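Here is the structure we will look at, set down as structure tokens.
The values are calculated or read from the model by the stated rules, or taken from the named source; none is laboratory data. The structure displayed is predicted, hence computed values, not measured ones. For neighbour counting, all protein chains shown are included, and Cβ atoms are generated from backbone atoms with ideal geometry for every residue, glycine included.
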Amino acid sequence: MRFQRRQLLRILSFAFGSNFIFSRNQLGMAAQTPAAGVADRHGLFGGTEMEKVTGIGGLFFRAHDPTALGPWYQQHLGVSLTPSSYEEPVWQQEAGPTVFSPFPETSDYFGDPHKAWMVNFRVRDLDKMVAQLRAAGIAVKIDPKSYPNGRFARLHDPEGNPIELWQAKVPDTPH
């Protein structure tokens, strides 16, 4: 698990644009160097900047009992369900860093090796969220370590899908 945490911290360092894992020079060079097999900004696209996605527009997954699982996410985590019409508003998440990272099939980071995905939700106050979930009878394990990018806790939804809560560390601001 130590390797996966280090790997995740490295990925988060790129999401935050910080230098808590690499020196500023190393981070700058890594950000400017295209990954192997990936077209650079001026390569395959005829000198124009590559069009990129602007964010994640939805998270879709199979569930044994979707009619029970959807309301669980709404009741305990505040994630609104898909509206029944186009006139109703959809859940709006706050802007912030989002990590996108495929893991090796053999990773134990998600816990149960049969689970193929894990969602990480950003939270403002990890302790308050954990207290709220525990008051509802939901088992939550807080990672006792505080990382350069914040604090984490783990829980599972009623179908055993892993959920990670993340309270991002607010960068120190000059006084």
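When Thr33 is evaluated against the numbered criteria (1) polar (S, T, N, Q); (2) at pLDDT 90 or above; (3) farther than 25 Å from Ala168 by Cα, which criterion, by number, is the only one it fails? Every condition holds for Thr33 apart from (2). Restricting attention to region 85-102, the residues that are under 19 Å from Phe60 (Cβ atoms), surrounded by 10 or more Cβ atoms within 10 Å (Cβ to Cβ) and under 13 Å from the mean Cα position of the chain (by Cα) add up to 4.
So that you can scan it fast, the table gives a plain yes or no per residue for (1) in a loop (DSSP other than H, G, I, E, B); (2) among the hydrophobic types (A, V, I, L, M, F, W, C); (3) in contact with a strand residue (DSSP E or B) (Cβ under 7 Å, 6 or more places away or on another chain); (4) under 25 Å from Val140 (Cβ atoms):
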{"site": "Met50", "(1), (2), (3), (4)": "yes, yes, no, no"}
{"site": "Val53", "(1), (2), (3), (4)": "yes, yes, no, no"}
{"site": "Ser85", "(1), (2), (3), (4)": "yes, no, no, no"}
{"site": "Val90", "(1), (2), (3), (4)": "yes, yes, no, no"}
{"site": "Gln93", "(1), (2), (3), (4)": "yes, no, no, yes"}
{"site": "Thr98", "(1), (2), (3), (4)": "yes, no, no, yes"}
{"site": "Pro102", "(1), (2), (3), (4)": "yes, no, no, no"}
{"site": "Glu105", "(1), (2), (3), (4)": "yes, no, no, no"}
{"site": "Phe110", "(1), (2), (3), (4)": "yes, yes, yes, yes"}
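One residue stands out among those in region 122-175 that are of a type in the set (Val, Ile, Thr) and part of a loop (DSSP other than H, G, I, E, B): the one that is surrounded by the fewest Cβ atoms within 10 Å (Cβ to Cβ), which is Thr173.
Taken over region 55-74, the residue count meeting the criterion of being over 19 Å from the mean Cα position of the chain (by Cα) and in contact (Cβ under 8 Å) with a residue 60 or more places away in the chain is 6.
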